[in-house]
Structure formats: C-alpha cells, structure tokens
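Take a look at the structure below.
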Amino acid sequence: MASHSQRRNRRNEQGQVRLIGGDWRRRTLSFPVVDGVRPTPDRVRETLFNWVMPFLAGSHCLDLFSGSGALGLEALSRGAASVTFVEHSPRLASALSQNLSTLNTRSGYVVNQDVLKWLRAPEFQESVRIVLMDPPFRADLIDPVCSTLAASGLLADNARIYIEHESEHAPSVPPEWALVRRKQAGQVAYSLFEVT
C-alpha cells in the first residue's frame, strides 16, 4: 500500500507534451499525471496531421477526452480556427486552460464535463469539421460516444473523425461514417473516418 507521501508525490507528478508542428513547434507544456494519461506519441500525431492537413485550416475542432491536450493543441498550432477541449478530470481541464493562457490564444475552449453528457446537450454554435478522440482504453466508451456524436447535430458535411483505439477492437461506427485511413503502432490503432 502506498504511503501518504508517495500518494502526494504522485498527485504532484507532472507529464510533458511537446508540440511538433505549426506556430508553436517545439513548445513544451506540462500537465498533471492523472489516471495514466499519456500524450499521443509524436510519430502518430505526425501521421494524423498529415491525414487532416487539407481540411484543418479555419476548421472548428473537438478534442474529446482531451487529457494532456496534445491533439487539440497541435491542431491549433497548425491553423485550426478553434478547438473545444472536453475533459472530465478537473485537474487536467485546469492545466489545459493554463496552457492555453501560456500560449496566449483565445481559440481554445475547455469544458470540464463527462464527454457523453456534454455530447447529449452541447453548448456549441459552429459545425465541427474535425473530431479528435483518444478515450481511455478498455473503457467501452468509443461505440456509445460515436453514436451520440452522430446524433448530436455537431458534425459538418464531410467531417473527419479521428479515433485512437485498442488494436484488437475496431470501433463500431454509424453507417454513414466511411473508414478513410487506419494504421497500427503496437497495441494502439488509429483510424480516420469521413462522414459521407
């Protein structure tokens, strides 16, 4: 059993995420280590943004299960008009708000709420062109989030939805979502869908 001081040290433990492209390239930001949150690796992020760059400039994006904020911050750095970060953990949401302030941007909006609950009644005006989704693994969240997202009315025509998931579990997505790209790195697979 962990001692009181060990638990306190873990609570104060900080992770780091380095942005790899765009205006904030090479900027390093801190976030609290909560429930094993890990930023999407650089190589995977590079692949993702190669896939979505033709649609990114001026787009409104959603970063669901934001965690460290690596995906949404990278999108802002590379020209997205705005990113709404939806994160359940108060500590991670607070760190995201602080990192957006550090970057001196008003194009990021942090929502500290459960993703499914927020999707059922989103406070949002713009059509979303790109959705970035990296839910906790083996939590059986992907399928209900995809169906709720599809029913939310948030998605623009031809929106792109990026999902990181366990390699052994292909997401069950709505029939109007067509798989455009999929790659795998070890136990992690990442897929890009287009709303047709």
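Considered as a group, the residues in the range 78-93 that are hydroxyl-bearing (S, T, Y) and either modelled with pLDDT under 95 or buried (at least 22 other Cβ atoms within 10 Å of the Cβ) (or both) include one that is nearest to V44 (Cα to Cα), and that residue is T84. For the range 124-137, indicate whether the set of residues that are surrounded by fewer than 17 Cβ atoms within 10 Å (Cβ to Cβ), under 15 Å from the mean Cα position of the chain (by Cα) and not basic (K, R) is non-empty. Taking every residue of the range 124-137 in turn, at least one turns out to be surrounded by fewer than 17 Cβ atoms within 10 Å (Cβ to Cβ), under 15 Å from the mean Cα position of the chain (by Cα) and not basic (K, R). Across the range 150-160, which residue is surrounded by the fewest Cβ atoms within 10 Å (Cβ to Cβ) among those that are free of Cβ contacts under 8 Å to residues at least 60 places away in the same chain and farther than 21 Å from F49 by Cα? Residue satisfying both the conditions and the ranking: G153.
Entry remark, the range 161-196: residues being in contact (Cβ under 8 Å) with a residue 12 or more places away in the chain, over 16 Å from the mean Cα position of the chain (by Cα) and in a strand (DSSP E or B) number 10 in total.
Do we find that A57 is without any contact (Cβ under 8 Å) to a residue 60 or more places away in the chain and buried (at least 17 other Cβ atoms within 10 Å of the Cβ) in this structure?
On the way: without any contact (Cβ under 8 Å) to a residue 60 or more places away in the chain: yes; buried (at least 17 other Cβ atoms within 10 Å of the Cβ): no.
When the stated conditions are applied, A57 does not pass them.
Can we say P135 is closer than 23 Å to R38 by Cβ and in a loop (DSSP other than H, G, I, E, B)? It is true that P135 is closer than 23 Å to R38 by Cβ and in a loop (DSSP other than H, G, I, E, B).
The values are calculated or read from the model by the stated rules, or taken from the named source; none is laboratory data. Predicted model only: the values in this text are computed from it and were never measured. Quick reminder, even Gly has a Cβ in these numbers, built from the backbone with ideal geometry, and neighbours come from all protein chains shown.
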